[in-house]
1. Quick check: pseudo-label points 7 Å beyond the Cα along Cα→Cβ at A36 and Q237, how many nm apart are they?
2. Under a 1.4 angstrom probe, counting protein chains only, how are M125, M207 ranked by accessible area, largest first?
3. Based on the mean of other beta carbon atoms within 10 Å per residue, what is the order of 154-160, 98-104, 83-89, most packed first?
4. Along each principal axis of its Cα atoms, how long is the range 4-226 end to end? Whole angstroms, biggest number first, please.
5. Tell me the net charge near G10. Cut-off is 13 Å between Cβ atoms, G10 excluded, with +1 for each Lys or Arg and -1 for each Asp or Glu.
6. Using only Cα atoms, find the angle between the long axis of helix 113-128 and the longest principal axis of the chain, and express it within 0 to 90 degrees, rounded to the nearest 10.
7. Determine the sum of side-chain charges near A201: Lys and Arg each +1, Asp and Glu each -1, restricted to other residues whose C-beta is under 11 angstrom from that of A201.
8. Give, in nm to one decimal, the length gained when the segment between R206 and A76 is fully stretched (0.36 nm per residue of separation minus the Cα-Cα distance).
Amino acid sequence: MSRVAVVTGGASGLGLSICEHLARQGRHVGVLDLDAAAAEEAASALRASGAKAVGVAADVSDRAAVDKALGEVRAALGPIEILVTSAGVSGFVPFEELTADVWARTLAVNLTGTFNCVQSAIGDMVAGGWGRIVTISSAAGQTGALRQVHYSASKGGVIAMTKTLALEYAAKGITVNTIPPFTADTPMMRTMQESKYLPPAEVLARMVPAGRLGTGDDIAAVCAFLCTDEAGYVTGQVIGVNGGAVT
Ligand SMILES: NC(=O)c1ccc[n+]([C@@H]2O[C@H](COP(=O)([O-])OP(=O)(O)OC[C@H]3O[C@@H](n4cnc5c(N)ncnc54)[C@H](O)[C@@H]3O)[C@@H](O)[C@H]2O)c1
């Protein structure tokens, strides 16, 4: 069945891989990103591969912009049945140097941004009696992470929000799960490595029992499964896709 999916942060990294996997399953895909040109480029590549896709621009922390962008997806593709929230920002700052602005922006994008997108989309799923929501959180939200008080708090909030939404919508045919990556080789990870707070890839890989970093495909394959009919009895779960790094 085709089904309409929206992937936030869909223009890069994990979000882009998730768009590709959903499109391969026959989903119609709305690629939402802060970077309008990159969202359109990703959608255009999906169309070139035979999928139905649109690119829309919004800052997920801006509720009016999210409502407008999701309205554009509805107009082009139909009601939203699948939502994956991958848009996010990260960073390393020792706690005493963490400014209120960086704290607020991280919470606004990662946590309030997830709230904005879910609340803006979920009415379609309730009306249709079917929905799949996957939030992309982080291992930092499970275990904490050095110099990432802001990021860990935002992602811990995403995990708690996911579990609670799952309870609220389980009887309405809507599942809500989260994938908390540990390390996946994406533009975000490479930017973090430039900050010198994140070790080089070969050192990171040794911290993973599987002996390698995650890929976009590792995460996207599990995410796409969580968006199927067959995964309808999986809800409220924290599904680690991390090579055994967090058990
Ligand atoms: N890569 C990893 O190792 C890793 C580990 C743990 C968690 N994560 C999480 O996975 C998600 C995806 O990360 P990634 O590695 O693919 O990063 P990425 O930087 O490659 O992609 C993130 C995308 O989100 C978009 N974005 C950022 N702020 C936005 C906003 N305010 N509104 C709309 N779009 C916005 C960016 O433009 C970009 O296209 C993030 O939520 C991140 O916190 C990643």
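1. 4.0
2. On the way: M125 0, M207 100 Å².
Putting M125, M207 in descending order of accessible area: M207, M125.
3. Details: 154-160: 21.3, 98-104: 12.1, 83-89: 26.9.
The peptides rank, most packed first, as 83-89, 154-160, 98-104.
4. Projected onto its principal axes, the Cα set of the range 4-226 covers 45, 34, 31 Å.
5. Values: positive: R27; negative: E20, D33, D35, E40, E41.
Around G10, the charge tally is -4.
6. For 113-128 against the chain, the angle is about 30 degrees.
7. Values: positive: R190, R206, R212; negative: D185, E202.
Around A201, the surrounding residues sum to +1.
8. Numbers: separation 130, 0.36 × 130 = 46.80 nm, distance 4.52 nm.
Net length gain for the segment: 42.3 nm.
The values are calculated or read from the model by the stated rules, or taken from the named source; none is laboratory data. On a predicted model such as this, the values are computed, not experimentally measured, just so you know. Cβ sites come from the backbone with ideal geometry, for glycine too, and all protein chains shown count toward neighbours. Accessible surface areas use protein heavy atoms only, side chains included; no ligands, DNA or RNA. Shrake-Rupley method; radii C 1.70, N 1.55, O 1.52, S 1.80 Å.
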